[in-house]
Amino acid sequence: MVDDSAEKRVGKGTVFVKAEICKGCAYCIEFCPADCLRFSHNYNAKGYHYPVLAKPESCVGCNTCGQFCPDYAIFGMRFKDIDAIEAARKAGTGDVEGGSGDGNASDASGRVS
């Protein structure tokens, strides 16, 4: 996950990669408007290279990568949204802006599980 210390943050956002389910299709890399993703030199358990944030200073957390990923293996978030989620968790409200309100559990990308 992302380190919450503000002094280590660069750019306006970050991406979260579930390397174990990535099949290396490269849609996230190809369609990233900030051109900040590259393939890792490492392989996942399936034998595929997975994306990494190569230029974190360029990432705006727009989630274009997540919108194109056919396997939901990556998603982007803006730091301000991450901070809002963390503040809601610490406050114990559980209310996070952008929630569906339909009772379904969803992850930070808004995908219902």
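In the set Gly61, Gly76, Gly66, only one residue is touching a helix residue (DSSP H, G or I) at 6+ places or on another chain (Cβ under 8 Å), buried (at least 16 other Cβ atoms within 10 Å of the Cβ), assigned to a loop (DSSP other than H, G, I, E, B) and not charged (D, E, K, R); that residue is Gly61.
Residue pairs whose Cβ atoms lie under 7 Å apart, separated by 6 or more positions or on different chains, with the first residue in the stretch 15-35 and farther than 10 Å from Phe68 by Cα and the second of a type in the set (Asp, Glu) and modelled with pLDDT of 95 or more, are Ile21/Asp71; Cys22/Asp71; Lys23/Asp71. Within the stretch 31-58, if we keep just the residues that are aromatic (Phe, Trp, Tyr) and touching a Lys or Arg at 6+ places or on another chain (Cβ under 9 Å), the residue that is surrounded by the fewest Cβ atoms within 10 Å (Cβ to Cβ) turns out to be Tyr48.
The values are calculated or read from the model by the stated rules, or taken from the named source; none is laboratory data. This structure is a prediction, so every number in the text was calculated from the model and none was measured. Note that we place each Cβ from the backbone using ideal geometry, even for glycine, and neighbour counts take in every protein chain shown.
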